[in-house]
1. May I ask you to list the residues in region 312-361 that are among the aromatic types (Phe, Trp, Tyr) and either part of a strand (DSSP E or B) or not assigned by TED's automatic domain parsing to the domain that holds MET377 (or both)?
2. Touching a residue at least 24 places away in the same chain (Cβ under 8 Å) and more than 40 Å from the chain's Cα centre (by Cα): is that true of ILE232 in this structure?
3. Please verify whether region 341-350 includes one or more residues that are among the acidic types (Asp, Glu), within 27 Å of ASN387 (Cβ to Cβ), crowded, with 17+ Cβ neighbours inside 10 Å and touching a residue at least 24 places away in the same chain (Cβ under 8 Å).
4. Of the conditions (1) closer than 30 Å to THR215 by Cβ; (2) surrounded by 14 or more Cβ atoms within 10 Å (Cβ to Cβ); (3) in contact with a strand residue (DSSP E or B) (Cβ under 6 Å, 6 or more places away or on another chain), ASN327 satisfies every one except a single condition; which number is it?
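The values are calculated or read from the model by the stated rules, or taken from the named source; none is laboratory data. The structure presented is a predicted model; accordingly, all values stated were derived computationally and were not measured. Every residue, glycine as well, gets a Cβ built from its backbone with ideal geometry; the counts of neighbours run over all protein chains shown.
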Amino acid sequence: MNRIKEILERKAEINEILKDEKRSKDVNLKDLEKEVRELNDELADLETRQRLLDETKQIESGQGEVRKIETFNTGGNKEERNDEIDPTDTMEYRKAFMNFVLTGETIPKELRADAITATTDVGSVIPNTILNRIVEKLEATGMILPLVTRTSIKGGVTVPTSSVKPVATWVAEGAGSDKQKKSTGSITFAYHKLRCAVAVTLEVDTVSLAIFETTIVNNIAEAMTKAIEQAIISGDGTGKPKGILAETPATDQLITAATLKYETIVEAEAALPLEYEDGAVWTMTKKTFMGFIGMVDNDGQPIARVNYGIGGRPERTLLGRQVILCNYIGSFKTAATGDNVAFLFNYKDYILNTNYQMGIKKYTDNDTEDEIMKSVMLVDGKVVDKNSLVVIQKAAAA
């Protein structure tokens, strides 16, 4: 059939166009693709019709089930493929390759050379399994906040204070005593706003893992906690709570030391009033505490101990008093002269008042479509009784 020959010749011509870089630049590939699809459909119909005619002829000639398959190609009357010809140079391969270029149709396996696929060949299709966790550098937080006295009173808090207590006197029978005056003062808490906001683009919020949003929430909560605890220890009271170390210790309750030694701890313990013995704890960095490990008293007993508490968690003590570790003050080794390196204090004597509790709010910026998570709280804090405060400062080397 002449039409089949015309179709094959046209497909071969298209194949030559694709192989010629100069000619392929001047043609529209979409038009060629459409034409090839139409030619393939027409060719399939013609071949089906030819096959049916051949079967009909065989039946009429009495050959029964014997079927004859003719190969139509543009290579003249050749009916057989020469095994010595490079398979990639045959018209069949070129047609298959053209279909692969135009439609993505896979080249038949028998037309390709044997090869073994290695993992390096399929890097683009091997999926990456992403663990549902984001690894971040840890920060030490949450040691101080549970220890202080917490209040949540709107409108600020005024705490009455008094430095004068009445004195009882022994009197004779029928005699009286002097009437004493009870004077009081007060400490008033203000409002300081603490805010933390994190923004991500709409695209990131849409395509990122759920763990990404969870991590942002955890980061905000951790940042707020860290800011509050740092203010509790060393806040200057300007725009933030006033910290413990911002208070001036009572008379004889400021200890200076050029080196870490047993006598320093003894002197600090002696400076702590007996009335405030119960509830006072040490606060220092882990490096400062480890500097006391190995020191012994006059009887050879270690002054610093690390015991295993409930659940196997370490419990640290100095001369039997609990030690709270934090990174909000400098360590003794790296501190400059005059820096606070450790202190004794009863955290119940510090009040932290929260007017507006911390919460997480998520909203969309209408101008940029960014998704914003923020946390805001109103908080203030002050020491209401500083008599339990004993501070150790680093002195200049002798």
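1. PHE343, PHE345, TYR350, TYR356
2. Numbers: touching a residue at least 24 places away in the same chain (Cβ under 8 Å): yes; more than 40 Å from the chain's Cα centre (by Cα): no.
Against the criterion (touching a residue at least 24 places away in the same chain (Cβ under 8 Å) and more than 40 Å from the chain's Cα centre (by Cα)), ILE232 does not qualify.
3. Going through region 341-350, the residues among the acidic types (Asp, Glu) turn out to be 349.
Next, from what is left, pick out any that are within 27 Å of ASN387 (Cβ to Cβ): 349.
Still in the running and crowded, with 17+ Cβ neighbours inside 10 Å: 349.
Remaining after also requiring touching a residue at least 24 places away in the same chain (Cβ under 8 Å): 349.
Yes, there is a match, as at least one residue in region 341-350 is among the acidic types (Asp, Glu), within 27 Å of ASN387 (Cβ to Cβ), crowded, with 17+ Cβ neighbours inside 10 Å and touching a residue at least 24 places away in the same chain (Cβ under 8 Å).
4. For ASN327, the exception is condition (3).
Here's the yes/no breakdown for (1) loosely packed, with under 10 Cβ neighbours inside 10 Å; (2) at pLDDT 80 or above; (3) under 30 Å from GLY243 (Cβ atoms):
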residue	(1), (2), (3)
VAL135	yes, no, no
VAL148	no, yes, yes
ILE153	no, no, yes
ALA190	no, yes, yes
VAL207	yes, no, no
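Results for (1) touching a residue at least 12 places away in the same chain (Cβ under 8 Å); (2) aromatic (Phe, Trp, Tyr); (3) in a loop (DSSP other than H, G, I, E, B), shown as yes or no for each residue.
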{"site": "GLY239", "(1), (2), (3)": "yes, no, yes"}
{"site": "ILE255", "(1), (2), (3)": "yes, no, no"}
{"site": "GLU263", "(1), (2), (3)": "no, no, no"}
{"site": "GLU267", "(1), (2), (3)": "yes, no, no"}
{"site": "THR283", "(1), (2), (3)": "yes, no, no"}
{"site": "PHE292", "(1), (2), (3)": "yes, yes, yes"}
{"site": "ASP299", "(1), (2), (3)": "no, no, yes"}
{"site": "VAL306", "(1), (2), (3)": "yes, no, no"}
